[in-house]
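Everything on this sheet refers to the single structure shown next.
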Amino acid sequence: MRTPARHRRHGFSLVELMVSVVIGLLALLFATRLVISGEANKDAAVGGSDSMQNGMLAMFSLSGDAATAGWGLNDRTVAGCNTVFSDQRGYQLLGAKRDGVDVTPLASVVIQSNGTAPDVISFNSGSANAGVGSIMMTADYGGESFVVSAQRGPYGYNPGDVLVVAPQAPDRPCTVMQMAGLNPAVGREAEFLLAGGPQFRYNAAASMAQGYAKNVTFMYNLGQPDLLHFHTWSVRNGILLLRATDLAGAELAGAAVADNIVSIKAQYGFDNRALPNYDPNPSGNGTQMVATANGGMQITVWSPTMIDADNDGVNGGPGDYQRITAVRIAVVARSKTIEKPAPGGACGATTAQPTVFGNAVPSGVAPVPMQVNVAVGGDTIDWKCYRYRVFETIVPIINSQFRP
């Protein structure tokens, strides 16, 4: 007969086997938790990196537009002028209010403020080398197929160029038109010809809709049509969209620029100081700029909407657009990663909606904080399950100060 001691030398007992299984399960549970925790940390890091890249791309695009805004539009006759604009490819100027009346101002920047929802922001500029150069209209215009300028074959004006016809009288709007060329007939070389057709996309018909008087109407060259820099930025369903006159196919519906952008916000930086003839610019002696006591344009008040910055009794008048010295921009991006809810069923990755523009910049200028609704329309996931990054910057509207 075998003894119990001799029997145990041939294998494990049932108790030993059970203890081994329990230890193995504990080790497997620990390893599983370690892997899950590592994957969660990796997802959070990757999601944070995605939001950083998307947010920086969006901010770079918006601030780049703001830095060049206003070129060719900074003359007092043009800036803020209610403008008749027609594009056969479908681009439309961003609308605004002027004492409660709908207008389409032609300005360096136009903001459609939407409270806690994403804003719509438009930056506009031309590309002509002539910049702010203008030519007077020397004959009344009443619907003819040409307009008469003060020069014959003016420098920098080429067939197809986009022009802004701007009257001195404030009761008439400006008009964006496209010249077909100069009249080759002898004695009529000062006539800018107008023509319709698909090659002249900014002429809805062969003539303009407005009549203009001679000697008080000026024409400004914005350059070739495919280089006309009219851009409108918006956010829809978490996608940053760009409508542009110089991006084929993006004139009407817009093109996607960056994803997981939940909001863009903007504010005007006005200079509402009471200055004689409102001349804040430095003076020049022909060789160098000499700073005046006014110190150039300055930010004195922030506002997400137009104000009566020039104190002329009109809210959103041309003079108010000429007082825009800077624009404050905020971009809110979210991570791609959806964080799992707590055991109770509620997400806690983000507990409060972000607030932008809370800092007093420049020093002494009161901030106007704005809360941002980061919920994306059509998204069935609770906004609290995402993490968000806020990007802010201030861009001076350089061309507002350096104007004729």
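The values are calculated or read from the model by the stated rules, or taken from the named source; none is laboratory data. Since we're looking at a predicted model, the values are computed, not measured. All Cβ positions, even for glycine, are placed from backbone atoms using ideal geometry, and neighbour counts span all protein chains on display.
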Within the range 367-391, the residues that are among the aromatic types (Phe, Trp, Tyr) and under 27 Å from residue 268 (Cβ atoms) are 388, 391
In the set 400, 363, the lone residue that is within 30 Å of residue 322 (Cα to Cα), out of contact with any Cys (no Cβ under 7 Å at 6 or more places or on another chain) and without any contact (Cβ under 8 Å) to a residue 60 or more places away in the chain is 363
Among (1) more than 30 Å from residue 297 (Cα to Cα); (2) in contact with a helix residue (DSSP H, G or I) (Cβ under 9 Å, 6 or more places away or on another chain); (3) not in a loop (DSSP other than H, G, I, E, B), residue 340 falls short only on (3)
The number of residues in the range 111-161 that are surrounded by fewer than 17 Cβ atoms within 10 Å (Cβ to Cβ), touching a Ser or Thr at 6+ places or on another chain (Cβ under 8 Å) and among the charged types (D, E, K, R) is 1
Of the residues in the range 371-404, those that are closer than 30 Å to residue 278 by Cα and either within 21 Å of the chain's Cα centre (by Cα) or of a type in the set (Lys, Arg) (or both) come to 392, 393, 394, 395, 396, 397, 398, 399, 400, 401, 403
Exactly one of 319, 313 is on the phi > 0 side of the Ramachandran plot, modelled with pLDDT under 95 and outside any strand (DSSP E or B), and that residue is 313
Filtering the range 366-397 for residues that are among the hydroxyl-bearing types (Ser, Thr, Tyr) and under 17 Å from residue 325 (Cα atoms) leaves a count of 1
Listed by range, strands (runs of 3 or more DSSP E) wholly within the range 48-166 having at least 2 residues that are in contact (Cβ under 8 Å) with a residue 12 or more places away in the chain are 81-84, 96-98, 109-112, 120-125, 134-136, 146-148
When residue 25 is run through (1) among the aliphatic types (A, V, I, L, M); (2) at pLDDT 95 or above; (3) part of a helix (DSSP H, G or I), the failure sits at (2)
Quick check on the range 70-87. Is at least one of its residues closer than 23 Å to residue 268 by Cβ, surrounded by 17 or more Cβ atoms within 10 Å (Cβ to Cβ), among the hydroxyl-bearing types (Ser, Thr, Tyr) and under 15 Å from the mean Cα position of the chain (by Cα)?
no
All conditions in (1) in contact with a helix residue (DSSP H, G or I) (Cβ under 6 Å, 6 or more places away or on another chain); (2) free of Cβ contacts under 8 Å to residues at least 12 places away in the same chain are true of residue 240 except (2)
Residues in the range 231-261 that are in a strand (DSSP E or B) and hydroxyl-bearing (Ser, Thr, Tyr) total 2
Subset of the range 293-335, residues hydrophobic (A, V, I, L, M, F, W, C) and either in contact with a Cys (Cβ under 9 Å, 6 or more places away or on another chain) or over 30 Å from residue 379 (Cα atoms) (or both), comes to 293, 297, 299, 301, 302, 306, 307, 309, 314, 324, 326, 327
Checked 340, 336 against criteria (in contact with a Gly (Cβ under 9 Å, 6 or more places away or on another chain), of a type in the set (D, E, K, R) and over 17 Å from residue 304 (Cβ atoms)); the one match is 336
Scanning the range 189-229 residue by residue, the ones that are charged (D, E, K, R), modelled with pLDDT of 90 or more, in a loop (DSSP other than H, G, I, E, B) and surrounded by fewer than 19 Cβ atoms within 10 Å (Cβ to Cβ) total 1
Restricted to the range 172-218 and to residues being under 29 Å from the mean Cα position of the chain (by Cα) and free of Cβ contacts under 8 Å to residues at least 40 places away in the same chain, the residue nearest to residue 85 (Cα to Cα) is 177
Of the residues in the range 292-310 that are modelled with pLDDT of 90 or more and of a type in the set (Gly, Ala, Ser), the one that is farthest from residue 114 (Cα to Cα) is 309
